[in-house]
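Working notes, structure below.
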Amino acid sequence: MTQSDGEELATWLEELGLVDQLAEAGLPTFTRDAGGRAVWTEPDRLEELERELRSVGEEPEHAIPVGLVVLRRQARLRTQLLATSWHTYESLGAMRGTSVDATRFAVHKAAAEHRLLVVPVEERAVVPAFQLGPDGELRAELAPVIGPLLTAGMDPWRAWAWLTQPAALTLGRAPEQAAASDPDLVRVAAERLAERLSHRA
């Protein structure tokens, strides 16, 4: 692939807003030099990269790299979720009136038993606040909702998103909100979702 082709590929990815997803997908990445030219990390893989990106659809020249679009959507959703309230061991310990070590132990135990949603963020674990009551303990109505999802192996990020975004199975309401007034509806919705996840595994 020529320098011109590499430039065209870089520009295409920039226009689609997918540059940041290349590394996460294990694909060659690029930077712009002082002259604005694309400098690829693995120029010998560019033909393979273009084939892979354009492998979806009947017209490869117009194909959109679906995998990268999904990664971009996930990245945006994670940013939105992290903009909501969540706790570290320190802040949750302060809320519960317990030490950091005791809080860490309790959180790990609850997560291992699928009683608490704990999400990995870089090199730390965060506890989304929506699932907690004023005392820092899990809301009773969410225990039968979170349990089936985590037991079925749902990714914690996906669980966080499903529980806090409007969902068809809970009549357009966020499940964690609907659980306060209609816990049975949300429990059944979680069980159905968990069943689907189990069948795919």
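The values are calculated or read from the model by the stated rules, or taken from the named source; none is laboratory data. Note that the structure is predicted; figures quoted are calculated from it, not measured. When the accessible area is computed, the model is the full protein with side chains, heavy atoms only, and any ligands, DNA or RNA have been set aside. Shrake-Rupley method; radii C 1.70, N 1.55, O 1.52, S 1.80 Å.
Counting only protein heavy atoms and using a 1.4 Å probe, what share of the accessible area of the chain belongs to carbon plus sulfur, as a whole percent? Here carbon and sulfur together make up 53 percent of the probe-accessible area.
Using only DSSP helix segments of four residues or longer, with each worth -39500 (n - 2.57), what per-residue ellipticity at 222 nm results for the chain after dividing by its residue count and rounding to 500? Present the calculation step by step, with values, prior to reporting the outcome.
Working: 9 runs with 103 residues, N = 201.
Rounded to the nearest 500, it is -15500 deg cm²/dmol.
The GNM of the chain, with springs linking C-alpha atoms under 10 angstrom apart, assigns the highest mean-square fluctuation among Arg73, Arg187, Arg54 to Arg54.
Scaled to the compact-protein estimate 2.2 N^0.38 Å, what is the alpha-carbon radius of gyration of the chain, rounded to two decimal places? Before the final figure, lay out each step's value.
Values: Rg = 21.5 Å, N = 201, 2.2 N^0.38 = 16.5 Å.
Here the Cα radius of gyration is 1.30 times the empirical estimate.
Of the DSSP H helices in the chain, those that are both long (alpha-carbon extent of 15 Å or more along the helix axis) and hydrophobic (Kyte-Doolittle mean at least 0.0) are 66-82, 100-112.
When only Cα pairs below 8 angstrom with a gap of at least 6 residues are kept, the chain shows a relative contact order of 12 percent.
Over the chain, accessible surface divided per residue gives 56 Å², non-protein components excluded, 1.4 Å probe.
Around the amide H of Leu132, modelled in the peptide plane, lie the amide H atoms of Arg139, all under 5 Å away and 5 or more residues distant in sequence or on another chain.
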